[in-house]
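Trainee: This is the structure, below, for whatever I ask next.
Just so it is clear, none of the values below were taken in a lab; they were calculated from the coordinates. What you see is a predicted model, and the numbers here were worked out from it, not measured in a lab. When we count neighbours, we look across all protein chains shown, and the Cβ atoms used for this are built from the backbone with ideal geometry, even at glycine.
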């Protein structure tokens, strides 16, 4: 007589059915109450910002132009000193990190 080893054993199947019934009968919230709670928490979050007040302030940054002894690598787009120039090809400069 052939035995199907992939078939679920009867005792395991019964315990799975019992656990499924227990989950279904558990006191779980319905979908509408969950949505209502989420909406209420979003309304509270909109009123306050974590960490304090929201202050609209502009950031001022001083931009320094590229010096005559610097170049911008065509691969990583970082401004490097001329001592880090590995090669120039078709008018584009590459640093030693990108070339190596």
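Trainee: Apply 1/(1 + (r/R0)^6) to the Cβ-Cβ distance of residue 9 and residue 30, taking R0 = 25 Å, and write down the FRET efficiency to the nearest 0.05.
Mentor: Details: r = 35 Å, r/R0 = 1.41.
With R0 = 25 Å, the Cβ-Cβ based efficiency is 0.10.
Trainee: Here is a further query. Among 75, 19, rank each residue by its count of other Cβ atoms within 10 Å, from fewest to most, as a rough exposure measure. Mind dumping the intermediate values first?
Mentor: Numbers: 75 13, 19 10.
Going from least to most buried by this count: 19, 75.
Trainee: May I pose another question? Can you sort 99, 21 by how many other beta carbons sit within 10 Å, fewest first?
Mentor: Fewest to most other Cβ atoms nearby, the residues stand as 21, 99.
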